[in-house]
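Below is one structure, written out as structure tokens; the observations come after it.
The values are calculated or read from the model by the stated rules, or taken from the named source; none is laboratory data. Remember, it's a predicted structure, so these values are computed and weren't measured experimentally. Because the Cβ atoms are built from the backbone with ideal geometry, glycine has one as well, and the counts that use them run over all protein chains shown. Protein only, heavy atoms only, side chains kept; ligands, DNA and RNA dropped before computing areas. Shrake-Rupley method; radii C 1.70, N 1.55, O 1.52, S 1.80 Å.
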Amino acid sequence: MIVSAHIYKVRKADTVTHLKDKILNGERRALAKAITLTESTRADHQAAAQALLADILPHTGKSIRLGFTGTPGVGKSTFIEAFGLYLTGQGYKVAVLAVDPSSTRTGGSILGDKTRMELLSKDPNAYIRPSPSGGTLGGVARRTREAMLLCEAAGYDVVLIETVGVGQSEIAVADMVDMFLLMLSPGGGDDLQGIKRGIMELADLVIINKADGDLKAAAGRAAADYKGALHLMRPKYSGWTAGVVLASALKQQGLDKVWAQVQSFEAALKEGGELDRMRAEQAKAWMWSEIHDQMMDAFRDHLPTKLSQVEEAVKRGEIPPTAAARELLRDFLKK
């Protein structure tokens, strides 16, 4: 029995090393397997995933990480495909991590980004990975950070994270990317009122998409409105002030201007060491996020019978939710 356990450990270590080597060689299938491994909830898979992440960590950090969010119908997927094709055309390798909302009833997701980004999915210098949000707030999946590091280790120069969509909790992505890009439709005025101040304060660049045809004039007015709004907000960084860019994914216009802004942003933050400091703070925030998630997992696994009993008592109105929470926490902390 002891010998069998030892053999299993050795084989597991060999598998992780083998997978690591393939990822560093840029093999897409190995990258897909590694991301699937990190998303698995099995204890042995998670142990292997953490060993793999520890091994590839020295090979990460060289990519530029961009987070995209926007109002429904703004055309995030269309823009990201056009932008990704523009970047591969410039000689860059691009990874897209797209997060689809999970059903609150069944937990399922459509995961249709490869269909929506058909041209980019066929590009040999691009990799698209759709993942379900799994009920995680903030517009990202629970393992998006791990997937991002794996893509960096695989040699992708630019990692694009497409979030579920704008909402009050749509800010978690800002804690895992270098630059947070907010996409908006032409309009201004009432549309401006619909955007939460918090997400505007987090934006490093605002992109007005669909700035073509009949909407071109409206896009110009919207840009003026958003520039005025950004002017009233305190800049996130001393060396960078968020701006507004007009673009059209359909006409493939403004993509070069967006990339120029990204490069200027990266240069400005690197110059004062701000980029390294920001990533260090993000790593700390990631640690606390993991503590929260793992504590919640452990809490749900502890005394599951009593948990269901207390939940039913709360639903029947026999015990206040606050008292129920205190009782369950007391039992959990006694473990």
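In this simple spin-label model, placing a label point 7 Å from the Cα along the Cα-to-Cβ direction at both Thr15 and Lys315 gives a separation of 3.8 nm. Please report the accessible area of Ser121 (heavy atoms, 1.4 Å probe, ligands and nucleic acids excluded) in Å², nearest 10. My reading of the accessible area for Ser121 is about 40 Å². Ranked by solvent-accessible area (1.4 Å probe, protein heavy atoms only, all chains present), the residues Glu266, Glu201, Glu146, Glu271 order from largest to smallest as Glu271, Glu201, Glu266, Glu146. Full extension of the chain between Glu118 and Glu201 yields a length gain of 26.6 nm, computed as 0.36 nm times the residue separation minus the alpha carbon distance. For Ile80, Ile319, the ranking by accessible surface with the largest value first comes to Ile319, Ile80, using a 1.4 Å probe.
For the full complex of protein chains and a 1.4 angstrom probe, list Lys20, Lys270 by accessible area with the highest value first. Please report the intermediate quantities before stating the final value.
Numbers: Lys20 45, Lys270 120 Å².
Ranking Lys20, Lys270 by accessible area, largest first, yields Lys270, Lys20.
Segment Lys236..Ala224, full-extension length gain: 2.3 nm, with 0.36 nm per residue of separation and the alpha-carbon distance subtracted. Label sites at Lys216 and Arg42, each approximated as a point 7 angstrom past Cα along Cα to Cβ, lie 5.7 nm apart.
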